[in-house]
Amino acid sequence: GPMSDAPLRPEVSGDPATPTFASAARPPEGPPQGGMARPTLEFMMSHPAHFIAMGLGSGLGRIAPGTVGTLWAWLSFLLLQHWFTPQQIGLLIAGSIPLGWWACTVTARHMRVADPGNLVWDEIVAFWLVLWLVMPTGFWGQLIAFALFRFFDAAKPQPVKWADRCFKGFGWRGGWGIMFDDLVAAFCTLLVIALWRHFIG
């Protein structure tokens with residue numbers, strides 16, 4: 001629906017009938033009522049799921065949040081390499097997938113949009129997975145991986161287009177759909193890089 005004129009302000013009303021994010025932690029399957037909630041800083045900080053799904057703030061921007069979220073994933077991965085072993089990063093990625101599923105499910109429900117562009121945890125986890133599997137590689141190899149992933153995620157050629165249409169709507173099915181097409185985009189990115197290394201490298 002149309003974006004509301006005022007930012008969403010959770011839990012500020014004294015009316016006990018006013019729904020709060022705490023009471024909406026288990027969103028119903030049906031479509032929510034009202035217009036889209038603005039992805040403001042206040043909204044992001046009002047619930048842990050919002051903070052995670054919006055990429056710790058990287059998804060707040062109005063211009064190309066998916067690209068910004070992927071850049072954040074790239075930079076954060078380089079930092080993670082200094083603190084954790086590849087095995088530990090692999091465990092972090094594995095845990096981040098169900099965490100993101102929960103966070104995207106809740107946040108999409110609260111924003112009243114099935115797949116908001118400001119939810120970038122899907123890009124972050126998917127690109128972490130790409131880098132985890134292609135590293136070690138130099139800057140240009142990482143840049144190619146970034147460009148390929150952004151192409152598959154944004155242009156959505158097959159099979160990403162198929163994955164994007166598989167799980168739609170609100171609730172846990174829709175929350176998984178937000179994550180799923182980016183994971184397929186990561187798979188396509190890795191496939192192209194593997195073929196390139198096999199035939200050209």
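The values are calculated or read from the model by the stated rules, or taken from the named source; none is laboratory data. Note that the structure is a prediction, hence the values are computed from the model and not measured. Heads up, the Cβs are rebuilt from the backbone with ideal geometry, glycines too, and the neighbour counts pull from every protein chain shown. These area figures cover heavy atoms from the full protein model, side chains too; ligands, DNA and RNA do not enter into them. Shrake-Rupley method; radii C 1.70, N 1.55, O 1.52, S 1.80 Å.
Looking only at the range 169-182, count every residue that is closer than 17 Å to ASN118 by Cα and open to solvent by 10 Å² or more (accessible area, probe 1.4 Å) and tell me the total.
The number of residues fulfilling the criteria is 4.
Among the residues making up the range 79-90, a single one is without any contact (Cβ under 8 Å) to a residue 12 or more places away in the chain and surrounded by 12 or more Cβ atoms within 10 Å (Cβ to Cβ): PHE84.
Candidates ALA185, ALA145, ALA126: the one that is over 17 Å from the mean Cα position of the chain (by Cα), surrounded by 19 or more Cβ atoms within 10 Å (Cβ to Cβ), under 22 Å from LEU75 (Cα atoms) and touching a residue at least 24 places away in the same chain (Cβ under 8 Å) is ALA145.
Restricting attention to the range 55-84, the residues that are within 15 Å of LEU133 (Cβ to Cβ) and among the polar types (S, T, N, Q) total 1. Criterion applied to ILE63, ILE52 was being in contact (Cβ under 8 Å) with a residue 12 or more places away in the chain and either closer than 29 Å to PHE151 by Cβ or assigned to a helix (DSSP H, G or I) (or both), and the one residue passing it is ILE52.
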